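Reading through the structure tokens given below for one structure.
The values are calculated or read from the model by the stated rules, or taken from the named source; none is laboratory data. Here the structure is a predicted model, which means the values were calculated and not measured. Glycine also receives a Cβ, built like all others from the backbone with ideal geometry; neighbour counts cover every protein chain displayed. Heads up: the accessible areas ignore ligands, DNA and RNA and are worked out on the full protein's heavy atoms, side chains in. Shrake-Rupley method; radii C 1.70, N 1.55, O 1.52, S 1.80 Å.
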Amino acid sequence: MPMIRESVVQKLYQPGIGQELWDFANTLYPICRSISGNGVRETLSHINQKIDLQIHEVPSGTQAFDWTIAPEWNIRDAWIKDPQGNKIIDFKKHNLHVLNYSAPISGKFQLSELKKHIYTMPDQPDLIPYRTSYYNINWGFCMSHDQLMSLPDGEYEAFIDSDHNPKGSLTYGEYFLQGESDEIFLFSAHCCHPSLANDNCSGMSVNTHLARALTSLKGKTRYSYQFIFAPGTIGSITWLSRNEDKIRRIKNGLILSCVGDPGGPTYKRSQAGDAIVDRAVEKILRDEEANPNIVDFWPYGYDERQYNSPAFRLNVGLLLRSRFGLFPEYHTSADNMDFIRPEYLEKSYKNTLQIIDILENEYRTVNLAPHGEPNLGKRGLYGAIGGDKKAYDANLPVFWMLNQSDGEHTLLDVATRAKLPYERIHDAAKVLAENGLLRVEG
Ligand code: ZN
């Protein structure tokens, strides 16, 4: 039955949880992940300690729409030794030093030859870049440009102990909470990047803790919630190819990526642009910040590309702090655990709970005493709502709810028109409903 629900922010948000979010991201950070392999498994096993994750293995060679799951990649060690035999780069010190998905190699090379397999960023010469080569099998290393420039000529030894197993699999994890309705809201985070903190240990940590918090409301939420932890692109396409029944039930969703840095906040709209998720996220970010960065959908980025593709159109937006690709730390060794901070992880986490509050209460409302204003004084409501001492300010959300409850407007409509924080409109609606002055329509 439709009703104004208690705020999940008030129920579930624990101030100070940012440290726990950061600590969990820090646990995931050192792991060398890729689109398949043991790094993804190890990552999911950590998540599985927080929530009862369903972990799937899909064999290499399996078709997923237009894609074929690649041979599984694993790496054990990699290094380069200089002509004196000193290790000048070591995978065990930083996993970005290896081209992700690199083929194995063992041999001696003149510097000029070796350079063809070394990736650097001349414009950010002190950082190691993150580079991948999933579908063109190649071998390679990444290092700072400064380091490359400092190398004397001579014979170097290069070693990469990795393999591509055609009998391996792609691994992804999911977690599902059935609500009162079969309609599903999706939260998804990619789990394929190696040691990059914002992109996307931050997203995995927020997604995990959100799933864990919502578990305490299992069966009592309006919507069902689907959480996905999958390698970017191929992982979400694989999930989509195996979940036709659920896809029909998903109307909205959110990708969580780069949610821990001091920039932003940023929201990239779904392809539709005006879905409930778009309106909800925009309202929450505008409540929180003077100038959030709200950008229209464009078909490049994270897995919103897959979920919003023509066959699915799942209305999935992307929540970020800084916008991917625009912050200088993006896809470099500077995207480390110093770059993400507990307070910003906590803000992003709280934002997701605030968004859920909007979704869960997105009903049109009807004023049950619509002939003029109801007498709030005789009900003990006048001036008694909200915590503010100034009566005008305290009562404003109530008057907005009463005025706009004509069966045409939802709580979000009212909060947006009133330019009041959603939380206050929600509180007012709840009090009015409890006092028999308001009912909600499904
Ligand atoms: Zn990335």
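One chain, two ends: Gln110 and Asn291. Fully extended at 0.36 nm per residue, the span grows by 59.9 nm beyond their Cα-Cα distance. To the nearest ten degrees, helix 422-434 and the longest principal axis of the Cα atoms of the chain are 40 degrees apart. Distant-in-sequence amide contacts of Asn100, defined by a placed amide H-H separation under 5 Å and a gap of 5 or more residues or a different chain, comprise Arg131, Thr132, Ser133. With the convex hull drawn over the C-alpha atoms of the range 194-240, the volume per residue is 81 Å³. Taking the Kirkwood radius as Rh and the Cα radius of gyration as Rg, the range 3-92 has a ratio of Rg/Rh equal to 1.16. With each label modelled as a point 7 angstrom along the Cα→C-beta vector, the Ile137-Phe176 pair spans 3.6 nm. What fraction, in whole percent, of alpha-carbon pairs in the range 301-442 exceed 27 Å separation? Percent of Cα pairs beyond 27 Å in the range 301-442: 42.
Placing +1 on the Cβ of every Lys and Arg and -1 on the Cβ of every Asp and Glu, with no other charges, gives the chain a dipole of roughly 820 debye about its Cα centre. For a straight C-alpha distance cut-off of 18 angstrom, the aspartates and glutamates reachable from Lys108 (same-chain residues fewer than eight places away being disregarded) are Asp77, Asp82, Asp90, Asp153, Glu155, Glu157, Asp161. The angle separating the long axis of helix 18-28 from the principal Cα axis of greatest extent in the chain is about 30 degrees. Taking 21 Å as the limit for the C-alpha separation, the pairs Lys11/Lys347; Lys87/Lys115; Lys11/Lys430; Lys268/Lys430 exceed it in the case of Lys268/Lys430. Computed packing ranks the peptides 32-39, 86-93, 69-76 as 32-39, 69-76, 86-93, most packed first, by mean other Cβ atoms within 10 Å.
With angles folded into 0 to 90 degrees, how steeply does helix 391-404 sit against the dominant principal axis of the chain? Use alpha carbons for both and round to 10. The angle comes out near 90 degrees. For Phe297, the residues 5 or more places off, or on other chains, whose built amide H falls under 5 Å of its own are Arg269.
Remark: the Asp393-Asp146 segment gains 83.1 nm on full extension, using 0.36 nm per residue and subtracting the alpha carbon distance. With contacts taken as Cα pairs under 8 Å and at least 6 residues apart, the range 1-77 reaches a relative contact order of 21 percent. Annotation: amide H of Ile250 within the under-5 Å range of Ile184, sequence separation 5 or more or interchain, hydrogens built in the peptide plane. Working ranking of peptides 205-213, 358-366, 98-106 by packing, defined as the average number of other Cβ atoms within 10 Å per residue, highest first, is 205-213, 358-366, 98-106.
Taking a point 7 Å from the Cα of Asp82 along the Cα-to-Cβ direction, the residues of the range 109-130 with backbone N closer than 14 Å to it are 111.
Equivalent ellipsoid of the range 183-309: semi-axes from √(5λ) of the C-alpha gyration tensor, largest first, are 21, 18, 17 Å.
Per atom type, the chain shows carbon and sulfur on 48% of its accessible surface, probed at 1.4 Å. Each Lys and Arg contributes +1 and each Asp and Glu -1, all at the Cβ; summed about the Cα centre of the range 373-442, the dipole is approximately 260 debye. Full extension of the chain between Lys419 and Arg249 yields a length gain of 58.0 nm, computed as 0.36 nm times the residue separation minus the alpha carbon distance. Using Stokes-Einstein with the Kirkwood hydrodynamic radius over Cα pairs, what translational diffusion coefficient do you get for the range 87-232 at 25 °C and a viscosity of 0.890 mPa s, in µm²/s rounded to a whole number? In µm²/s, the coefficient is 135. Our Cα-only numbers for the chain put the radius of gyration and Dmax at 25.1, 91 Å.
Using C-alpha pairs below 8 Å separated by at least 6 residues, the relative contact order for the range 178-310 is 31 percent.
Using a Gaussian network model of the chain whose springs link C-alpha atoms within less than 10 Å, name the residue from Pro310, Pro292, Pro397 with the highest mean-square fluctuation. Comparing Pro310, Pro292, Pro397 in the GNM, the peak value goes to Pro310.
Computed 3J(HN,Hα) for the range 90-105, one whole-Hz value per residue from the Karplus formula 6.51 cos²θ - 1.76 cosθ + 1.60 where θ = phi - 60°, is 9, 3, 6, 8, 7, 6, 5, 5, 10, 4, 5, 5, 4, 5, x, 8, glycine and proline marked x.
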